[in-house]
Amino acid sequence: MKPEYDLLVIGGGPGGALAARTAAEKGLSVGLVEKRPAIGVPVRCAEGVGRDLLEEFMDPDPAWISAEIDRAVLVAPDGFRMALEPSMAGSEVGYVLDRKRFDRELVMQAAAAGAEIQVKTRAVAPIMENGTVAGARIEQNGQIQDVRAKVVIAADGVESKFARWCGVDTAVPLGDIETCVQYLMTGIEIDDAATVFHLGNEIAPEGYVWIFPKGPKTANVGIGISGRKSRDGSRPIDYLNRFVKSHFPEGRVVEWIMGGVSVCPPLEKTVADGMVIVGDAARVSDPLTGGGIYNAMYTGRLAAQVAADAIAKGDVSANAMMPYDTTWRASKLGKSLDRNYRIKEYFIHLPDAKLNRLVHSISRLDLTKFSTLEIIKELIRHDPTLLLELRAIRDLL
Amino acid sequence: MLVIRRDICGYCGCCVSVCPQGALELIDAYLSVEGECSSCGICARACPLGALEVADEA
């Protein structure tokens, strides 16, 4: 690597890639390091993303889309199924991606824009000068090198170590981590244009089981449960095996995917002197759905825009880069993170009987728009007996 | 002390995110304890596969 860049990006996921691409397009010198030997693998994701959200960044390309989704199915703890139909157009129809190819495409776009990419290369420590992040100590293939940068973007995902080394506490509380296992299954009977969500305390305590189509007879079948519900004999792997045995006994598993997703509120501050934190590392994955691809891309792009301005003005202090923090918090994304955290806190405490009632009620709604927010608004409008139940979240809408 | 069952570990990094000490480090397929582990056991709870356990010091 060069000894110095304008911008050094730690992590080659969607957040880091968008930051690198955006900054390179603005003419900054950019270095991106990814500790793994390949971009996009191993996958740590259920791979779903909203259509409108993705298209804010790029045109869809069959090369990295596994399936197009036009409806969702909610399955109540009692087995009652309700479909959210394609006529209810809205942001939650979308795609199931092939993250192995998608992530690589994003990083190749960053490279094409002029960013230097280094894989199997990791940051081992920040370079700190007078309390300001001034680069990172980088290890590549056993060689250690100091790489200076005017701004470092911490895009190192759910593990989020770089910001922690710089003094930002990024630890996720046990109750706010969804611990997940997913099988890529083939030879299963599925609706290959629908995402399916199974709810229930017996099925997935404080979480859900998902079935996301990846092509004909093939799907990501996964589960996330709260860390506080996980213990020997009742870990995600145990719940998933039970689910698969009863729902897809004929299926074949061709890949195991594990991972954690934070469902906590975002970090209190996502800038520091000389550093900006983006994506999962900033804890901006959605606390209700666990989705984080768009959130990472949005914050990655914004971080590079703000960092570029700060560099141009010769002031990379936390104060100078605060517009990053305030802009994403005030955005539609930031507001939905705040609202969805509180909705999640409400939902995880519902017993199955109440969950059943909710799903049955949703099925009777006349929905015009297909989004979590609309569902909850309509629930409150149509089922007065739920008003008390939902009072806790009504004020958020 | 923290015992890592490498035959079970899926090197996903879920444990890294919850460690209050920042003591866990994941490099590709290899998880290690690099800092001051307090044997609190939070990582062992969060592990989706059950690859971590806090063993008695005895």
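Summary of values
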| quantity | calculated |
| --- | --- |
| Out of A:Asp70, A:Asp103, sole residue that is surrounded by fewer than 18 Cβ atoms within 10 Å (Cβ to Cβ), touching a residue at least 60 places away in the same chain (Cβ under 8 Å) and either farther than 24 Å from A:Arg164 by Cα or not assigned by TED's automatic domain parsing to the domain that holds A:Pro205 (or both) | A:Asp70 |
| Test: residue in region B:39-50 that is at the interface with chain A (Cβ under 7 Å from one of its Cβ atoms), within 20 Å of A:Ser234 (Cα to Cα), of a type in the set (Val, Ile, Thr) and out of contact with any strand residue (DSSP E or B) (no Cβ under 7 Å at 6 or more places or on another chain) | yes |
| Subset of region A:227-245 (residues that are part of a helix (DSSP H, G or I) and closer than 17 Å to A:Ile348 by Cβ) | A:Gly227, A:Arg228, A:Lys229, A:Pro236, A:Tyr239 |
| Filter result for A:Ala110 (crowded, with 24+ Cβ neighbours inside 10 Å, closer than 30 Å to A:Pro205 by Cα and away from chain B (no Cβ under 13 Å)) | no |
| Scope region A:118-170; condition of a type in the set (Asp, Glu) and away from every other protein chain (no Cβ under 14 Å); matching residues | A:Glu129, A:Asp146 |
| Single match in A:Gly290, A:Gly260 (criterion: of a type outside the set (S, T, N, Q), within 14 Å of chain B (Cβ to nearest Cβ), in a strand (DSSP E or B) and closer than 16 Å to A:Cys45 by Cβ) | A:Gly260 |
| Any hit, region A:54-65, residues being under 22 Å from A:Ala204 (Cβ atoms), in contact with a Phe, Trp or Tyr (Cβ under 7 Å, 6 or more places away or on another chain) and outside any loop (DSSP other than H, G, I, E, B) | no |
| Residue match in region A:317-328 (condition: under 29 Å from A:Thr179 (Cβ atoms) and polar (S, T, N, Q)) | no |
| Cβ-Cβ under 6 Å pairs, at least 6 apart or on other chains, region B:10-36 side more than 10 Å from every other protein chain (Cβ to nearest Cβ) and within 21 Å of A:Gln140 (Cβ to Cβ), far side part of a loop (DSSP other than H, G, I, E, B) and among the acidic types (Asp, Glu) | none |
| Odd one out for A:Gly251, checked against (1) in contact with a helix residue (DSSP H, G or I) (Cβ under 8 Å, 6 or more places away or on another chain); (2) outside the structural domain of A:Lys161 (by TED's automatic domain parsing); (3) in contact (Cβ under 8 Å) with a residue 40 or more places away in the chain; (4) under 25 Å from A:Leu174 (Cα atoms) | (4) |
| Single condition A:Ser87 does not satisfy, out of (1) polar (S, T, N, Q); (2) buried (at least 19 other Cβ atoms within 10 Å of the Cβ); (3) at pLDDT below 95 | (2) |
| Any chance A:Arg339 is in a helix (DSSP H, G or I) and farther than 28 Å from A:Leu106 by Cα | yes |
| Leading residue by the ranking (nearest to A:Asp70 (Cα to Cα)) among those in region A:196-226 that are within 14 Å of chain B (Cβ to nearest Cβ) and assigned to a loop (DSSP other than H, G, I, E, B) | A:Gly207 |
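The values are calculated or read from the model by the stated rules, or taken from the named source; none is laboratory data. Everything numeric in this text was worked out from a predicted model, so none of it was measured. Cβ sites come from the backbone with ideal geometry, for glycine too, and all protein chains shown count toward neighbours.
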